[in-house]
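The values are calculated or read from the model by the stated rules, or taken from the named source; none is laboratory data. Everything quoted here is computed from the prediction, not taken from an experiment. Methodologically, a virtual Cβ is constructed for each residue, glycine included, from the backbone with ideal geometry; neighbour enumeration extends over all protein chains shown.
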(Lines give C-alpha, C1' and ligand atoms only; values in the text may rest on other atoms or scores of the structure.)
Protein backbone atom coordinates (compact mmCIF):
# COMPACT_ATOMS: atom_id res chain seq x y z
CA UNK A 1 0.00 0.00 0.00
CA UNK A 2 1.26 3.46 -0.88
CA UNK A 3 1.86 5.83 2.04
CA UNK A 4 1.45 9.57 1.68
CA UNK A 5 3.02 11.70 4.40
CA UNK A 6 1.39 15.09 4.79
CA UNK A 7 1.30 18.10 7.11
CA UNK A 8 -1.65 19.92 8.65
CA UNK A 9 -4.51 20.07 6.18
CA UNK A 10 -5.41 23.63 7.09
CA UNK A 11 -1.99 24.98 6.18
CA UNK A 12 -0.09 22.55 3.98
CA UNK A 13 -0.78 23.59 0.41
CA UNK A 14 1.94 21.26 -0.88
CA UNK A 15 0.36 18.27 0.90
CA UNK A 16 -3.06 19.09 -0.51
CA UNK A 17 -1.95 18.51 -4.10
CA UNK A 18 -1.07 14.76 -4.06
CA UNK A 19 -3.76 13.95 -1.48
CA UNK A 20 -6.48 15.47 -3.65
CA UNK A 21 -5.04 13.88 -6.77
CA UNK A 22 -4.88 10.38 -5.31
CA UNK A 23 -8.22 10.60 -3.54
CA UNK A 24 -10.08 11.90 -6.58
CA UNK A 25 -8.43 9.34 -8.86
CA UNK A 26 -9.32 6.48 -6.53
CA UNK A 27 -5.70 5.49 -5.90
CA UNK A 28 -5.60 3.70 -2.53
CA UNK A 29 -3.08 4.96 0.02
CA UNK A 30 -2.46 5.23 3.72
CA UNK A 31 -2.34 8.79 5.02
CA UNK A 32 0.35 9.62 7.57
CA UNK A 33 -0.16 13.01 9.18
CA UNK A 34 2.92 14.65 10.68
CA UNK A 35 1.70 17.76 12.52
CA UNK A 36 3.79 20.87 12.00
CA UNK A 37 3.81 22.03 15.62
CA UNK A 38 4.81 25.49 16.80
CA UNK A 39 8.50 25.06 15.88
CA UNK A 40 8.22 22.83 12.80
CA UNK A 41 10.82 24.76 10.79
CA UNK A 42 13.46 24.32 13.49
CA UNK A 43 16.12 21.69 12.63
CA UNK A 44 15.43 19.91 15.92
CA UNK A 45 11.64 20.08 15.90
CA UNK A 46 9.49 17.02 16.45
CA UNK A 47 8.30 17.44 12.86
CA UNK A 48 11.83 17.34 11.41
CA UNK A 49 12.87 14.47 13.66
CA UNK A 50 9.89 12.43 12.46
CA UNK A 51 10.25 13.21 8.77
CA UNK A 52 14.00 13.30 8.17
CA UNK A 53 14.75 9.59 8.85
CA UNK A 54 12.39 8.69 6.01
CA UNK A 55 12.74 11.71 3.74
CA UNK A 56 16.16 13.34 4.26
CA UNK A 57 14.87 16.55 2.70
CA UNK A 58 12.85 16.99 5.89
CA UNK A 59 9.72 18.14 4.09
CA UNK A 60 6.21 16.96 3.34
CA UNK A 61 4.52 15.74 1.31
CA UNK A 62 6.35 12.63 0.26
CA UNK A 63 5.17 9.32 -1.10
CA UNK A 64 6.49 5.93 0.04
CA UNK A 65 6.10 2.95 -2.26
CA UNK A 66 8.03 0.04 -0.75
CA UNK A 67 11.67 1.08 -0.83
CA UNK A 68 10.96 4.10 -3.03
CA UNK A 69 10.55 7.51 -1.42
CA UNK A 70 9.30 10.24 -3.74
CA UNK A 71 9.62 13.81 -2.50
CA UNK A 72 8.30 17.00 -4.15
CA UNK A 73 4.82 17.34 -5.58
CA UNK A 74 5.79 17.35 -9.25
CA UNK A 75 7.86 14.19 -8.80
CA UNK A 76 4.96 12.55 -6.95
CA UNK A 77 2.53 13.49 -9.72
CA UNK A 78 4.78 12.04 -12.40
CA UNK A 79 5.39 8.88 -10.37
CA UNK A 80 1.65 8.35 -9.96
CA UNK A 81 1.00 9.02 -13.65
CA UNK A 82 3.57 6.37 -14.58
CA UNK A 83 2.34 3.91 -11.95
CA UNK A 84 -1.35 4.25 -12.80
CA UNK A 85 -1.61 4.95 -16.54
CA UNK A 86 -5.23 3.77 -16.51
CA UNK A 87 -6.15 6.75 -14.30
CA UNK A 88 -5.30 9.27 -17.07
CA UNK A 89 -3.90 11.77 -14.60
CA UNK A 90 -2.45 13.85 -17.43
CA UNK A 91 -4.54 14.64 -20.54
CA UNK A 92 -4.32 12.07 -23.32
CA UNK A 93 -3.48 14.63 -26.00
CA UNK A 94 0.23 15.46 -26.28
CA UNK A 95 -0.28 19.21 -26.69
CA UNK A 96 -2.70 19.31 -23.76
CA UNK A 97 -0.22 17.38 -21.61
CA UNK A 98 2.44 19.93 -22.47
CA UNK A 99 0.15 22.79 -21.45
CA UNK A 100 -0.76 21.01 -18.21
CA UNK A 101 2.87 20.33 -17.34
CA UNK A 102 3.85 23.91 -18.18
CA UNK A 103 1.09 25.26 -15.93
CA UNK A 104 2.13 23.00 -13.04
CA UNK A 105 5.77 23.94 -13.46
CA UNK A 106 4.85 27.63 -13.40
CA UNK A 107 2.87 27.09 -10.21
CA UNK A 108 5.74 25.10 -8.73
CA UNK A 109 8.32 27.81 -9.34
CA UNK A 110 6.27 30.99 -9.56
CA UNK A 111 3.53 33.05 -7.94
CA UNK A 112 5.90 33.65 -5.04
CA UNK A 113 4.35 36.90 -3.82
CA UNK A 114 0.85 35.44 -3.84
CA UNK A 115 2.02 32.30 -2.05
CA UNK A 116 4.17 34.13 0.50
CA UNK A 117 1.69 36.83 1.42
CA UNK A 118 -1.45 34.70 1.09
CA UNK A 119 -0.47 31.51 2.87
CA UNK A 120 -3.04 28.74 2.72
CA UNK A 121 -5.36 28.92 5.71
CA UNK A 122 -8.59 27.16 4.81
CA UNK A 123 -10.63 27.78 7.96
CA UNK A 124 -9.76 31.48 8.28
CA UNK A 125 -11.59 34.51 6.87
CA UNK A 126 -8.82 36.86 5.81
CA UNK A 127 -10.78 39.04 3.41
CA UNK A 128 -9.66 42.25 5.09
CA UNK A 129 -6.01 41.20 4.83
CA UNK A 130 -6.59 40.33 1.18
CA UNK A 131 -7.96 43.80 0.57
CA UNK A 132 -4.90 45.40 2.12
CA UNK A 133 -2.57 43.20 0.10
CA UNK A 134 -4.34 44.14 -3.13
CA UNK A 135 -4.03 47.80 -2.19
CA UNK A 136 -0.41 47.75 -1.05
CA UNK A 137 1.40 44.91 -2.85
CA UNK A 138 2.03 45.37 -6.55
CA UNK A 139 3.71 41.96 -6.68
CA UNK A 140 0.59 40.25 -5.31
CA UNK A 141 -1.56 42.08 -7.86
CA UNK A 142 0.81 41.00 -10.64
CA UNK A 143 0.70 37.36 -9.54
CA UNK A 144 -3.09 37.41 -9.39
CA UNK A 145 -3.27 38.95 -12.86
CA UNK A 146 -1.00 36.21 -14.23
CA UNK A 147 -3.02 33.49 -12.48
CA UNK A 148 -6.25 34.80 -14.03
CA UNK A 149 -4.56 34.96 -17.43
CA UNK A 150 -3.27 31.39 -17.14
CA UNK A 151 -6.54 29.87 -15.94
CA UNK A 152 -8.62 31.85 -18.41
CA UNK A 153 -6.48 30.69 -21.31
CA UNK A 154 -6.65 27.02 -20.34
CA UNK A 155 -10.41 27.12 -19.69
CA UNK A 156 -11.05 28.83 -23.01
CA UNK A 157 -8.75 26.48 -24.90
CA UNK A 158 -10.19 23.29 -23.45
CA UNK A 159 -13.79 24.28 -22.83
CA UNK A 160 -13.87 23.44 -19.11
CA UNK A 161 -15.21 22.49 -16.71
CA UNK A 162 -11.66 21.94 -15.39
CA UNK A 163 -8.47 23.54 -16.68
CA UNK A 164 -7.75 20.83 -19.26
CA UNK A 165 -11.33 19.66 -19.71
CA UNK A 166 -11.64 16.80 -17.24
CA UNK A 167 -10.08 16.81 -13.76
CA UNK A 168 -6.32 16.27 -13.99
CA UNK A 169 -3.06 16.81 -12.16
CA UNK A 170 -3.29 20.49 -13.08
CA UNK A 171 -6.50 21.00 -11.12
CA UNK A 172 -5.09 19.17 -8.10
CA UNK A 173 -1.98 21.29 -8.38
CA UNK A 174 -3.91 24.56 -8.39
CA UNK A 175 -6.48 23.54 -5.75
CA UNK A 176 -4.51 25.26 -2.95
CA UNK A 177 -4.46 28.46 -4.98
CA UNK A 178 -8.22 28.24 -5.42
CA UNK A 179 -8.44 27.95 -1.64
CA UNK A 180 -6.31 31.06 -1.19
CA UNK A 181 -8.61 33.06 -3.46
CA UNK A 182 -11.52 32.21 -1.19
CA UNK A 183 -9.69 32.79 2.11
CA UNK A 184 -8.44 36.22 1.09
CA UNK A 185 -11.47 37.13 -1.08
CA UNK A 186 -9.19 38.19 -3.91
CA UNK A 187 -11.05 39.86 -6.80
CA UNK A 188 -11.26 37.73 -9.96
CA UNK A 189 -13.54 37.71 -13.03
CA UNK A 190 -16.79 35.77 -12.85
CA UNK A 191 -15.48 32.92 -15.01
CA UNK A 192 -12.54 32.40 -12.68
CA UNK A 193 -14.73 32.62 -9.59
CA UNK A 194 -16.94 29.94 -11.14
CA UNK A 195 -13.92 27.71 -11.72
CA UNK A 196 -12.89 28.18 -8.08
CA UNK A 197 -16.35 27.01 -7.01
CA UNK A 198 -16.12 23.99 -9.32
CA UNK A 199 -12.75 23.07 -7.80
CA UNK A 200 -14.22 23.24 -4.31
CA UNK A 201 -17.09 21.01 -5.42
CA UNK A 202 -14.70 18.24 -6.48
CA UNK A 203 -15.31 15.49 -3.88
CA UNK A 204 -11.64 15.13 -2.93
CA UNK A 205 -11.21 18.89 -2.52
CA UNK A 206 -14.34 19.06 -0.40
CA UNK A 207 -13.09 16.18 1.76
CA UNK A 208 -9.74 17.89 2.32
CA UNK A 209 -11.42 21.22 3.08
CA UNK A 210 -13.85 19.67 5.54
CA UNK A 211 -10.99 17.90 7.32
CA UNK A 212 -8.96 21.12 7.44
CA UNK A 213 -11.84 22.97 9.10
CA UNK A 214 -12.18 20.17 11.65
CA UNK A 215 -8.52 20.15 12.70
CA UNK A 216 -8.85 22.91 15.30
CA UNK A 217 -5.11 23.56 15.28
CA UNK A 218 -3.29 26.88 15.40
CA UNK A 219 0.31 26.93 14.17
CA UNK A 220 1.86 30.30 14.93
CA UNK A 221 4.43 30.09 12.12
CA UNK A 222 1.58 29.76 9.62
CA UNK A 223 -0.46 32.62 11.09
CA UNK A 224 1.06 35.96 10.05
CA UNK A 225 -2.27 37.76 10.39
CA UNK A 226 -3.91 36.32 13.52
CA UNK A 227 -2.95 35.96 17.17
CA UNK A 228 -5.43 33.17 17.92
CA UNK A 229 -8.05 31.03 16.30
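Considering only the stretch 195-210, state which residues are exposed (fewer than 14 other Cβ atoms within 10 Å of the Cβ) and more than 25 Å from residue 132 (Cβ to Cβ).
201, 203, 206, 210, listed by residue number.
Consider residue 123 carefully, then state whether it is buried (at least 17 other Cβ atoms within 10 Å of the Cβ) and outside any helix (DSSP H, G or I).
Criteria met by residue 123.
Quick one: which helices (runs of 4 or more DSSP H) sit completely within the stretch 8-98 and have at least 2 residues that are under 19 Å from residue 168 (Cα atoms) and either under 17 Å from the mean Cα position of the chain (by Cα) or outside the structural domain of residue 202 (by TED's automatic domain parsing) (or both)?
Details: elements: 13-25, 46-51, 73-83.
Counting at least 2 such residues, we get 13-25, 73-83.
Restricting attention to the stretch 166-187, which residues are outside any helix (DSSP H, G or I) and crowded, with 19+ Cβ neighbours inside 10 Å? Spell out how you get there, then give the answer.
Let us first name the residues in the stretch 166-187 that are outside any helix (DSSP H, G or I), namely 166-168, 184-187.
Those that are outside any helix (DSSP H, G or I) and crowded, with 19+ Cβ neighbours inside 10 Å: 167, 168, 184, 186.
Taking the condition of being surrounded by 15 or more Cβ atoms within 10 Å (Cβ to Cβ) and either assigned by TED's automatic domain parsing to the domain that holds residue 27 or farther than 27 Å from residue 88 by Cα (or both), how many residues in the stretch 140-152 meet it?
Step one: list which residues in the stretch 140-152 are surrounded by 15 or more Cβ atoms within 10 Å (Cβ to Cβ), which gives 140-141, 143-144, 147-148, 150-152.
After this cut, where a residue has to be either assigned by TED's automatic domain parsing to the domain that holds residue 27 or farther than 27 Å from residue 88 by Cα (or both) as well, the list is 140-141, 143-144.
So the answer is 4.
Run down 69, 60, 64 and say which single residue is buried (at least 17 other Cβ atoms within 10 Å of the Cβ), at negative phi and free of Cβ contacts under 8 Å to residues at least 60 places away in the same chain.
Details: 69 fails: buried (at least 17 other Cβ atoms within 10 Å of the Cβ); 64 fails: free of Cβ contacts under 8 Å to residues at least 60 places away in the same chain.
Sole residue among the options that is buried (at least 17 other Cβ atoms within 10 Å of the Cβ), at negative phi and free of Cβ contacts under 8 Å to residues at least 60 places away in the same chain: 60.
Residue 43 - would you say it is within 25 Å of residue 101 (Cα to Cα) and surrounded by fewer than 17 Cβ atoms within 10 Å (Cβ to Cβ)?
For residue 43, the condition - within 25 Å of residue 101 (Cα to Cα) and surrounded by fewer than 17 Cβ atoms within 10 Å (Cβ to Cβ) - is not met.
Quick check on residue 31: is it surrounded by fewer than 18 Cβ atoms within 10 Å (Cβ to Cβ) and under 15 Å from residue 207 (Cβ atoms)? Break it down stepwise before answering.
Numbers: surrounded by fewer than 18 Cβ atoms within 10 Å (Cβ to Cβ): yes; under 15 Å from residue 207 (Cβ atoms): yes.
Yes; evaluated as a whole, the condition is true for this residue.
Condition test on residue 132, is it outside any loop (DSSP other than H, G, I, E, B) and not assigned by TED's automatic domain parsing to the domain that holds residue 15? Walk me through it before giving the result.
On the way: outside any loop (DSSP other than H, G, I, E, B): yes; not assigned by TED's automatic domain parsing to the domain that holds residue 15: yes.
Yes; evaluated as a whole, the condition is true for this residue.
Looking at the structure I just gave you, is residue 155 closer than 21 Å to residue 108 by Cα and either in the same structural domain as residue 103 (by TED's automatic domain parsing) or in a helix (DSSP H, G or I) (or both)?
Numbers: closer than 21 Å to residue 108 by Cα: yes; either in the same structural domain as residue 103 (by TED's automatic domain parsing) or in a helix (DSSP H, G or I) (or both): yes.
For residue 155, the condition - closer than 21 Å to residue 108 by Cα and either in the same structural domain as residue 103 (by TED's automatic domain parsing) or in a helix (DSSP H, G or I) (or both) - is met.
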